[in-house]
1. If you take the residues of region 2-17 that are surrounded by fewer than 16 Cβ atoms within 10 Å (Cβ to Cβ) and more than 11 Å from the chain's Cα centre (by Cα), which of them is nearest to Ala43 (Cα to Cα)?
2. Looking at region 32-41, is at least one residue part of a loop (DSSP other than H, G, I, E, B) and either of a type in the set (Asp, Glu) or in contact with a Gly (Cβ under 6 Å, 6 or more places away or on another chain) (or both)?
3. Output the residue which, of all residues in region 66-105 that are β-branched (Val, Ile, Thr) and closer than 15 Å to Glu10 by Cβ, is nearest to the ligand (Cβ to nearest atom).
4. Is it the case, given these coordinates, that Asp51 is more than 16 Å from the ligand (Cβ to nearest atom), closer than 24 Å to Leu3 by Cβ and touching a residue at least 24 places away in the same chain (Cβ under 8 Å)?
5. Would region 58-65 turn up any residue that is modelled with pLDDT of 95 or more, within 21 Å of Gln101 (Cβ to Cβ), part of a loop (DSSP other than H, G, I, E, B) and more than 11 Å from the ligand (Cβ to nearest atom)?
6. Evaluate region 5-27: report whether one residue or more is free of Cβ contacts under 8 Å to residues at least 24 places away in the same chain, in a helix (DSSP H, G or I) and either touching a Ser or Thr at 6+ places or on another chain (Cβ under 8 Å) or among the acidic types (Asp, Glu) (or both).
7. Please find, among Lys83, Lys74, Lys67, the residue that is surrounded by fewer than 13 Cβ atoms within 10 Å (Cβ to Cβ) and either out of contact with any helix residue (DSSP H, G or I) (no Cβ under 9 Å at 6 or more places or on another chain) or under 21 Å from His119 (Cα atoms) (or both).
8. Among helices (runs of 4 or more DSSP H) lying entirely in region 68-133, which contain 1 or more residues that are modelled with pLDDT of 95 or more and aromatic (Phe, Trp, Tyr)?
Amino acid sequence: MDLLQKLGYELFIVTNQSGVGRGYFSLENVYLIHKQLQNDMRAQSLAPYKDFAICPHSPDENCDCRKPSGKMIKELIEKYHLKADECYMVGDKAIDAEAGQNAGIHGIIVRTTKVEGFHHFKNLLQFAESLKK
Ligand SMILES: [Zn+2]
């Protein structure tokens with residue numbers, strides 16, 4: 001995170017929270033967790049996340065925002081006037097990278113095991129270092 005911010009990147013969270021639609025927890029709880037994440041960032045002397053995009057729907061609601069849809073990412077790109085070719089969607093699942101590709105940005109998988117068909121890094125630091133030019 002530190003290196004990404006030093007390289008000038010702004011951080012966003014794009015998240016499926018189907019537990020809300022399924023009634024397991026409330027949207028207010030999701031906001032509380034996001035608030036805690038922001039506190040954790042500040043505690044580590046990092047800039048807070050720029051924004052959060054949340055899909056609160058369960059899969060059977062057939063919404064148009066749930067990843068791998070690119071809608072939430074596209075909305076952030078518009079809202080903050082981001083350059084799509086300079087944006088990366090980084091996640092640990094194929095649907096994360098697919099959501100990035102569906103929004104016209106780079107889709108990246110970060111996890112210890114490789115996922116076929118996607119750019120892959122073992123961890124976030126390795127990805128951040130790949131961005132250094
Ligand atoms: Zn949704």
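1. Asp2
2. Checking region 32-41: not a single residue is part of a loop (DSSP other than H, G, I, E, B) and either of a type in the set (Asp, Glu) or in contact with a Gly (Cβ under 6 Å, 6 or more places away or on another chain) (or both).
3. Ile73
4. Here the answer is yes, as Asp51 does meet what is asked.
5. There is no residue in region 58-65 that is modelled with pLDDT of 95 or more, within 21 Å of Gln101 (Cβ to Cβ), part of a loop (DSSP other than H, G, I, E, B) and more than 11 Å from the ligand (Cβ to nearest atom).
6. From region 5-27, those free of Cβ contacts under 8 Å to residues at least 24 places away in the same chain are 6, 8, 19, 23-26; that's our starting set.
Filter again for in a helix (DSSP H, G or I), leaving 6, 19.
Narrowing the set further to residues that are either touching a Ser or Thr at 6+ places or on another chain (Cβ under 8 Å) or among the acidic types (Asp, Glu) (or both) leaves none.
Scanning region 5-27, I find no residue that is free of Cβ contacts under 8 Å to residues at least 24 places away in the same chain, in a helix (DSSP H, G or I) and either touching a Ser or Thr at 6+ places or on another chain (Cβ under 8 Å) or among the acidic types (Asp, Glu) (or both), so the answer is no.
7. Unique residue meeting the criteria: Lys83.
8. Where helices (runs of 4 or more DSSP H) fall fully within region 68-133 and carry at least 1 residues being modelled with pLDDT of 95 or more and aromatic (Phe, Trp, Tyr), they are 124-130.
The values are calculated or read from the model by the stated rules, or taken from the named source; none is laboratory data. Please read all numbers here as calculations on a predicted model, not as lab measurements. Using ideal geometry, Cβ is built from the backbone for each residue, glycine included, and neighbour counts are taken over all protein chains shown.
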